[in-house]
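Remarks on the structure that follows.
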Amino acid sequence: MASGSRLSKGVLCAALPVITVVNACGAEREIEEISAVQHALTTVAFQQGSLPSSSYAGSTDATLRQAAATTNYGGATTCEADGDDGSGVDKSCLLRWSLSGIPAGSTVQSASITLLVTDGSSNTYNLYEVKRSWSESQVTWNNATSSTAWATAGAMGSTDRGSLVGSVTGGTGQRTITLNAAGVALVQAWVDGTSNHGIVVASSSNTNGIDFASSEHATAAQRPKLTITYGGSSGSGGGGGGSTDPGLLVAFIGDQGNNGNADDVLNLIKDEGAAATIHNGDFDYADNPTAWENRINSILGSNYPYFAVIGNHDAAAWGGSSGYASYIQARHARVPAMNCTGELGVKATCNFRGLYIVQSCIGTSELRSTCASNASDQVNFIHDSLANDSSIWSVCAWHKNQHDMQVGGKSNEVGWSAYQECMSAGAFIATGHEHSYSRTLTLTDVGNAATGHGKTGAFNLVELAPNRSFVFVSGLAGVGIRDYEAASHDDDTWWSSYYASNKWVKNGTLMSGTADYGALFIRFNVDGDPKRATAYFKDVNGRLADEFTIQVQ
């Protein structure tokens, strides 16, 4: 609920989390959540299928078992830790909760974890920060995900686990672990969205194991629970730092053309109900800004939020009183909600309903030299723009590519510096130029082909955090469809999905069929989680060429 909202008498408000407000005198009362409670602390709990509401499904856990080092236990009803699981081998318990509903800017005062011990221990087990992303359905003793190994098996490497945040011991029954100062700082990072890989319960020396009810336990009230008390919120108004409007749907296209295919894609965008479109360059290929503007207006409307970034085929007719830039500026003037500053389509930032957009001409030297590959003017602008904003969702939008960041024949025209600035800030990267669709895995080392650009994680889930991003090309807006070039890309290891004239791969699986025109759609702030988005590439015939989830960590 937005800052300043109130619950009206006589209005039924469904599915709002119940929280406890503690007043200055220590009295407690349960109320439905209102952001930025003044002069009070707020306590909220997260428990699978129970808290903040029965629909909460953000708790994940899994046992790491050395004796079965390649087996996943993410679906088990217990989560177990042991320093001697027979013959000296170990077990550890991973736990994580996704967080939502805590206002941006809140300060965590305290945090605790409540576990139901189903098999007690006289030994003490420590809780540590987990520093590496893991997947509940894929994690094993050896691997954090199906494609990423732990630095040291059992999540024991220095880049796998961090600070000691608490400890647990005792017989069967409920155990509440109050997190120490390092634990409170860790939960603060989860709230801020800078990281959230959970904790691990572990000991390599204990000889008496301990078992807990997991998030799959039959009784919801006995599943792992995280409780957070916070205060000091200033709300999450429109100046950055918050999430998007719930369910905000945005279309991403590039390389449009001046034909019926282009009309079909715009009609698809209209039919899907996208609240805005981000067009990453190459408009009509005819140097006819008036006709291009009329095409958009006739289908989407003259007051539709249409964010356009320059491409190489737009440079010749960009300026002047009737150039592309003049029409873009006029649209922004008509639609204040687009909320942009700077040189539109070239070097600008926009905050559209909570989505922070950095527009850049990087690589498009056809416009001017300061837009060339690795141009410091653009790279510094991207860095500064992202550094000065704290929105949950940020996108870097430009036209051209690096060869490794597309599946066709495009060369290195952008330079890696811009990609690296966006990855460093946890912004995802939207491009066009190549006339196909392609999407990477989560990337942690973009620009380093020797590491597969740091590819990690599942095909159908990409993660955003500092030094975690993903890249897509959405270049099927109407002008043409190009081949996947096997000779250049069959040894690429970083692709989740691509859709070209001669090949279609969806989340790592070769599919039957080839590409048609379409758009990528991303719906932000879904399932009650402001840090979660769902995305799909849909073509004009209704085929879903790609489907995936985006999670801000």
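Just a few scattered comments:
- Computed over protein heavy atoms with a 1.4 Å probe, the carbon and sulfur contribution to the accessible area of the chain reaches 46%.
- Mean ellipticity per residue at 222 nm, deg cm²/dmol - from DSSP H runs of n ≥ 4 across the chain, formula -39500 (n - 2.57): -4000 deg cm²/dmol
- Computed on region 423-550, with alpha-carbon pairs under 8 angstrom and 6+ residues apart, the relative contact order is 23 percent.
- The chain: angle of helix 289-299 to the longest principal axis, Cα-based, in degrees nearest 10: 50
- Over region 196-325, relative contact order from alpha-carbon pairs under 8 Å, at least 6 apart, %: 19
- Comparing Phe352, Tyr536, Trp150 along the charge dipole axis of the chain, the residue lying farthest to the positive side is Phe352, per the Cβ-charge model.
- Modelled FRET efficiency - R0 22 Å, Ser87 with Ser158, Cβ distances, 0.05 increments: 0.25
- The magnitude of the dipole of the chain, with charges of +1 and -1 set on the Cβ of Lys/Arg and Asp/Glu and taken from the Cα centre, is near 1000 debye.
- Most simply put, region 347-447 has about 45% antiparallel DSSP beta bridges, counting only bridges with both residues inside it.
- Total lysine pairs under 23 Å (Cα atoms) in the chain, excluding pairs fewer than 8 apart on one chain: 20
- Net lengthening on full extension, Asp491/Ala182 (0.36 nm per residue, minus Cα-Cα): 107.0 nm
- Looking at region 301-404, the DSSP beta bridges with both ends there are about 65 percent antiparallel.
- Rounded, prolate or oblate (a/c below 1.5 giving rounded, otherwise prolate when a/b exceeds b/c) for region 261-410 by Cα gyration tensor: rounded
- Evaluated over the chain, the Cα radius of gyration and Dmax, each in Å: 24.8, 80
- Mean separation of Cα pairs under 8 Å and 6 or more residues apart, divided by the residue count, gives region 63-182 a relative contact order of 30 percent.
- For the pair Ser204 and Ala291, label points projected 7 Å from Cα toward Cβ lie 6.9 nm apart.
- Entry comment: accessible area of the chain is 36 Å² per residue, from protein heavy atoms only and a probe of 1.4 Å.
- Within region 189-215, backbone nitrogen closer than 16 Å to the virtual label 7 Å beyond the Cα of Gln174 toward Cβ: 213-214
- Computed over region 285-348, the quotient of the alpha carbon radius of gyration and 2.2 N^0.38 Å is 1.04.
The values are calculated or read from the model by the stated rules, or taken from the named source; none is laboratory data. Keep in mind it's a predicted model, so treat the numbers as computed, not measured. Ideal geometry is used to build each Cβ from the backbone, glycine not excepted, and the neighbour counts take in all protein chains shown. Accessible surface is based on the protein model in full, side chains and every heavy atom, while ligands, DNA and RNA are left aside. Shrake-Rupley method; radii C 1.70, N 1.55, O 1.52, S 1.80 Å.
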